[in-house]
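Participant: Okay, handing you the structure first.
The values are calculated or read from the model by the stated rules, or taken from the named source; none is laboratory data. Here the structure is a predicted model, which is why all the values come from computation and not from measurement. Note that we place each Cβ from the backbone using ideal geometry, even for glycine, and neighbour counts take in every protein chain shown. To get the accessible areas, we keep the full protein, side chains included, count just its heavy atoms, and leave off ligands, DNA and RNA. Shrake-Rupley method; radii C 1.70, N 1.55, O 1.52, S 1.80 Å.
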Amino acid sequence: MIMKKCMFMLPAAAALALPAAAVLRTALTPNKRSDYAAPKADDYALELAHKLSEMVQYETVSHANVDEAEKFLGFHELLEKLFPLVHKNLEKTVIDGNLLFRWKGTGDGAPILLMSHQDVVPAEGKWEHEPFSGDIADGKVWGRGTADTKASVMAFFQAVEELLKEGYTPKCDVYLASSCTEEWAGDGAPKIVNELQRRGIELFLVCDEGGGIISEPIGGVKGNFAMVGVFEKGKGDVKFTARSSGGHASAPTKNTPIARLAAFVNDVETHNYFRREFPPEVAAMFAKLAPYAAFPLKLVMGNLWLFAPVLKPILGRISAQAGAMLQTTVAFTMQSGSDACNVLPQEATVSANMRFIPHQGEKESLDIIRRIAEKHGLEMEVIHSNDYTPAVDINGDAFRQVEAVIGETFPGLPVSPYVMTGATDAQFYQPVCKSCIRFAPVIYGPEQMKGMHGLNENIEYNCLPGAVSFYKNLIRAQEKR
């Protein structure tokens with residue numbers, strides 16, 4: 001009897017010991033603060049703001065499958081006016097409006113490529129400042145493309161312009177690239193990559209948009225953090241169709257096309273058919289950010305070995321962005337049915353955008369959603385899909401170099417890996433680079449995050465000098481390789 005009682009007590013003691021160990025571990029982990037903030041704007045920041053303003057005033061909205069090369073050739077003329085030394089000293093290649101510059105280095109080491117896109121999304125609705133005004137007001141440059149991503153384009157062109165003025169020559173070749181089709185995942189970046197492949201180029205590092213200096217990246221983690229994107233989820237656009245013989249709405253049958261689609265959507269929305277896991281890069285992100293959180297959040301984020309099973313099902317409710325890093329997602333975005341209220345449709349459709357996670361990639365995720373669709377009597381058509389990109393090695397030379405340059409440029413700014421739930425042109429560069437890093441060196445606060453693809457897009461221009469310095473330091477860092 002005593003033996004049985006002791007055997008019962010052992011698991012109970014172990015169950016208490018694990019949380020106690022997590023609490024002790026958390027208590028012994030020093031608290032940290034992110035105190036980095038961009039310096040106050042000076043005359044140099046205002047000079048950069050005026051350059052960005054001119055770039056924003058030139059409207060570069062792109063439209064899917066529309067040839068708009070002439071528009072972008074006009075934008076190139078503006079770039080030449082703003083950055084004359086770049087255009088005088090670098091080898092320039094234009095491919096259907098897409099830009100590639102080569103700055104020849106003194107050595108033969110693997111080159112780097114700095115990139116961000118020229119094109120922007122349409123600007124609809126009522127804005128505080130007209131979307132292509134480029135207004136400079138309240139410490140900000142206003143307009144479509146300021147944050148996404150003409151600030152980055154301006155910054156790396158300005159970085160090279162200043163280095164040329166100083167008489168600097170890089171140790172290895174440096175490429176600047178900018179597509180004009182990024183916003184609709186067009187063929188601009190693939191055309192640039194094809195040209196690099198034709199030249200036999202293998203890049204050490206690509207630095208594109210994606211991450212950035214994010215204010216409060218997770219609720220409860222205060223301050224600015226350099227969130228460095230290390231891979232992108234895959235993406236799929238999928239259409240589901242329900243068919244019937246139609247009929248008059250005055251005598252409806254059961255299981256009409258729209259009813260079946262509604263049941264399908266409700267099924268997917270209310271059940272979790274996709275496995276939630278913490279990718280190593282997300283686990284590393286939580287470990288990096290944990291010391292900056294208050295104790296309860298620090299306890300959970302810093303001890304995933306214990307709390308992951310609890311956190312997986314609730315993380316999406318706390319933060320949709322964080323939750324999307326753990327699983328394949330499905331977002332229903334478009335629908336169609338009858339052309340009249342009193343007619344039952346012979347065909348109704350609903351479309352969805354899917355984002356595939358590495359542990360349950362493109363094929364498996366599409367197979368899962370297809371089985372659910374078939375259960376509801378629906379046909380499924382994959383309009384477009386591509387799988388996730390390989391992850392950058394967060395312990396590798398390229399990531400460590402970017403991390404060091406961030407530390408040099410922005411003293412006191414914490415650095416964390418980050419998973420891209422959206423898509424960038426960097427996805428196309430995998431054939432010529434194993435380290436495609438997504439990081440725009442500008443500050444994105446809540447207002448800037450909301451403005452991207454929305455109303456009143458803007459960027460605070462006091463962060464622009466730091467962006468220029470980052471690219472200059474990244475180019476100079478190649479001397480240490």
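Participant: State which residue pairs qualify: first residue basic (Lys, Arg) and at pLDDT 95 or above and inside region 51-72, second residue open to solvent by 60 Å² or more (accessible area, probe 1.4 Å) and in a loop (DSSP other than H, G, I, E, B) in any location, beta carbons under 9 Å apart, and separation of 6 or more residues or different chains.
Facilitator: LYS71/TYR58; LYS71/GLU59
Participant: For region 453-468, how many residues meet the condition of being more than 15 Å from ASP135 (Cβ to Cβ) and in contact with a strand residue (DSSP E or B) (Cβ under 8 Å, 6 or more places away or on another chain)?
Facilitator: Of the residues in that region, 4 qualify.
Participant: Residues of region 188-238 being part of a loop (DSSP other than H, G, I, E, B) and over 27 Å from MET154 (Cβ atoms), which ones?
Facilitator: Within region 188-238, GLY200, GLU202, ILE218, GLY219, GLY220, LYS222, LYS233 qualify.
Participant: Please verify whether region 72-81 includes one or more residues that are touching a Cys at 6+ places or on another chain (Cβ under 9 Å) and either more than 22 Å from GLY445 (Cα to Cα) or of a type in the set (Lys, Arg) (or both).
Facilitator: So in region 72-81, the residues touching a Cys at 6+ places or on another chain (Cβ under 9 Å) come out as 72, 75.
Still in the list and also either more than 22 Å from GLY445 (Cα to Cα) or of a type in the set (Lys, Arg) (or both): 72, 75.
Yes - at least one qualifying residue is present in region 72-81.
Participant: Restricting to region 303-337, name every residue that is among the small types (Gly, Ala, Ser), open to solvent by 20 Å² or more (accessible area, probe 1.4 Å) and under 25 Å from the mean Cα position of the chain (by Cα).
Facilitator: To start, the set of residues in region 303-337 that are among the small types (Gly, Ala, Ser) comprises 308, 316, 319-320, 322-324, 331, 336-337.
Add one more test, that the residue is open to solvent by 20 Å² or more (accessible area, probe 1.4 Å), and what stays is 316, 319-320, 331, 336-337.
GLY316, SER319, ALA320, ALA331 - these are the residues of region 303-337 that are among the small types (Gly, Ala, Ser), open to solvent by 20 Å² or more (accessible area, probe 1.4 Å) and under 25 Å from the mean Cα position of the chain (by Cα).
Participant: List, please: which pairs have Cβ atoms under 9 Å, are six or more places apart or on different chains, and start with a residue in region 18-45 that is within 17 Å of ALA137 (Cα to Cα) and end with one that is loosely packed, with under 12 Cβ neighbours inside 10 Å?
Facilitator: ALA45/PRO39
Participant: Those residues that are open to solvent by less than 20 Å² (accessible area, probe 1.4 Å), outside any strand (DSSP E or B) and under 20 Å from ALA137 (Cβ atoms), I need them from region 422-453; list them, please.
Facilitator: GLY445, GLN448, GLY451
Participant: Still on this model: Quick check, is VAL419 open to solvent by less than 30 Å² (accessible area, probe 1.4 Å), more than 28 Å from LEU52 (Cβ to Cβ) and modelled with pLDDT under 95?
Facilitator: Yes, satisfied.
Conditions (1) open to solvent by less than 30 Å² (accessible area, probe 1.4 Å); (2) in contact with a Leu (Cβ under 8 Å, 6 or more places away or on another chain); (3) hydrophobic (A, V, I, L, M, F, W, C); (4) farther than 30 Å from LEU205 by Cβ, marked per residue:
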site	(1), (2), (3), (4)
PHE225	yes, yes, yes, no
VAL228	yes, no, yes, no
LYS235	no, no, no, no
VAL238	yes, yes, yes, yes
SER245	no, no, no, yes
ALA251	no, no, yes, yes
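Participant: In addition: How many residues are farther than 24 Å from PRO414 by Cβ and of a type in the set (A, V, I, L, M) when one looks only at region 25-60?
Facilitator: From region 25-60, those farther than 24 Å from PRO414 by Cβ are 42-44, 46-60; that's our starting set.
Filter once more, so that each one left must be of a type in the set (A, V, I, L, M): 46, 48-49, 52, 55-56.
Looking only at that region, the number is 6.
Participant: Hey, does region 260-277 have a residue that's part of a strand (DSSP E or B), buried (at least 16 other Cβ atoms within 10 Å of the Cβ), of a type in the set (D, E, K, R) and within 27 Å of the chain's Cα centre (by Cα)?
Facilitator: For region 260-277, residues part of a strand (DSSP E or B), buried (at least 16 other Cβ atoms within 10 Å of the Cβ), of a type in the set (D, E, K, R) and within 27 Å of the chain's Cα centre (by Cα): absent.
Participant: Next up: Could you tell me whether region 77-88 includes any residue that is at pLDDT below 95, part of a helix (DSSP H, G or I) and either open to solvent by 10 Å² or more (accessible area, probe 1.4 Å) or in contact with a Ser or Thr (Cβ under 9 Å, 6 or more places away or on another chain) (or both)?
Facilitator: No, region 77-88 contains no residue that is at pLDDT below 95, part of a helix (DSSP H, G or I) and either open to solvent by 10 Å² or more (accessible area, probe 1.4 Å) or in contact with a Ser or Thr (Cβ under 9 Å, 6 or more places away or on another chain) (or both).
Participant: Moving on. Does region 352-359 contain at least one residue that is outside any loop (DSSP other than H, G, I, E, B), open to solvent by less than 30 Å² (accessible area, probe 1.4 Å), in contact with a Pro (Cβ under 9 Å, 6 or more places away or on another chain) and not basic (Lys, Arg)?
Facilitator: Yes: region 352-359 contains one or more residues that are outside any loop (DSSP other than H, G, I, E, B), open to solvent by less than 30 Å² (accessible area, probe 1.4 Å), in contact with a Pro (Cβ under 9 Å, 6 or more places away or on another chain) and not basic (Lys, Arg).
Participant: I've got another one for you. Consider region 360-372. How many of its residues are within 18 Å of HIS384 (Cβ to Cβ), part of a helix (DSSP H, G or I) and either in contact with an Asp or Glu (Cβ under 9 Å, 6 or more places away or on another chain) or open to solvent by 40 Å² or more (accessible area, probe 1.4 Å) (or both)?
Facilitator: Of the residues in region 360-372, 5 are within 18 Å of HIS384 (Cβ to Cβ), part of a helix (DSSP H, G or I) and either in contact with an Asp or Glu (Cβ under 9 Å, 6 or more places away or on another chain) or open to solvent by 40 Å² or more (accessible area, probe 1.4 Å) (or both).
Participant: Next up: Please verify whether GLN321 is in contact (Cβ under 8 Å) with a residue 60 or more places away in the chain, part of a strand (DSSP E or B) and at negative phi, treating the condition exactly as stated.
Facilitator: In short, no.
Participant: Here are the criteria: (1) assigned to a loop (DSSP other than H, G, I, E, B); (2) open to solvent by 50 Å² or more (accessible area, probe 1.4 Å); (3) farther than 30 Å from ALA242 by Cα; (4) in contact (Cβ under 8 Å) with a residue 24 or more places away in the chain. Tell me which single one ASN395 does not satisfy.
Facilitator: The failed condition is (4).
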